[in-house]
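Working notes for the structure below.
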Amino acid sequence: MFEEIVTRLSEVKIVPVVTVFDKEEAVKLAHSLVSRGYSAVEFAFRSATASDEDFNKIAECISAVRKLCPKMLCGAGTVINPKLAKLAKKSGAQFVMAPGFNPATVEWCIKNDLAIFPGINTPSQVEEALMYGLGVLKFFPAEVSGGVKMLKALSGPFPNVKFIPTGGIDAANSEDYLACKNVIAVGGTWVLKS
């Protein structure tokens, strides 16, 4: 399953990141993205209150998109603990993105066959991910962590590791990131602003 998700993300190249709390709005958004040529979306578990109520609404959005827009590759983002990973899996998310590397979350996802892309921005974190057998990682926050220069530097000691940069990616620099040999896709919120 993990390889299939990686292949699809490699084909998609750009993963719009959204935060939506209404399932009807989420489905409209997904159809709008598909009509504009996007075939993946990441619903971020983010809210001002970080409440279970808000997270459950976001999970309902994922479920609705999975059901009513089946061609869309649908993931959950800002998965910072096993509890959110469980909610993502229950909602039907096909993958999860995490801003950091939480071993408990990584272990839960691996055990439960849920593709996870934990966030890293140091060589030590890459090494830790490799210990878990993960070779495709989120690079976050990309721009403030050295951006394209850092990704090129990481390619030396880790030639087989691939990245999905997010954080500071926009229309002006996305192509620079996608030109990196170790980048399979990029994510960001700029897509919805255009």
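Below, the figures for the structure above:
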{"read-out": "Label-point separation, A179 to E4 (7 Å along Cα→Cβ), nm", "value": "3.5 nm"}
{"read-out": "Semi-axis lengths (Å, descending) of the ellipsoid that matches the C-alpha gyration tensor of the chain", "value": "25, 19, 14"}
{"read-out": "The chain - mean residue ellipticity at 222 nm from DSSP helices (-39,500 (n - 2.57) per run, n ≥ 4, rounded to 500)", "value": "-13000 deg cm²/dmol"}
{"read-out": "Computed E for V148/K193 - FRET, C-beta separation, R0 22 angstrom, nearest 0.05", "value": "0.50"}
{"read-out": "Cα-only radius of gyration and Dmax that characterise the range 104-194, units Å", "value": "13.2, 39"}
{"read-out": "Å² per residue, accessible surface of the range 1-84 at 1.4 Å", "value": "50 Å²"}
{"read-out": "Accessible-area composition of the chain, carbon plus sulfur, in percent [1.4 Å probe]", "value": "54 percent"}
{"read-out": "Degrees between helix 52-68 axis and first principal axis of the chain (Cα, 0 to 90, nearest 10)", "value": "90 degrees"}
{"read-out": "Over 29 Å between alpha carbons, listed pairs K13/K149; K67/K193; K86/K181", "value": "K86/K181"}
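The values are calculated or read from the model by the stated rules, or taken from the named source; none is laboratory data. Small disclaimer: the values here were computed from a predicted structure and weren't measured. Neighbour counts are summed over all protein chains in view; Cβ atoms, including those assigned to glycine, are modelled from backbone coordinates with ideal geometry. Heads up: the accessible areas ignore ligands, DNA and RNA and are worked out on the full protein's heavy atoms, side chains in. Shrake-Rupley method; radii C 1.70, N 1.55, O 1.52, S 1.80 Å.
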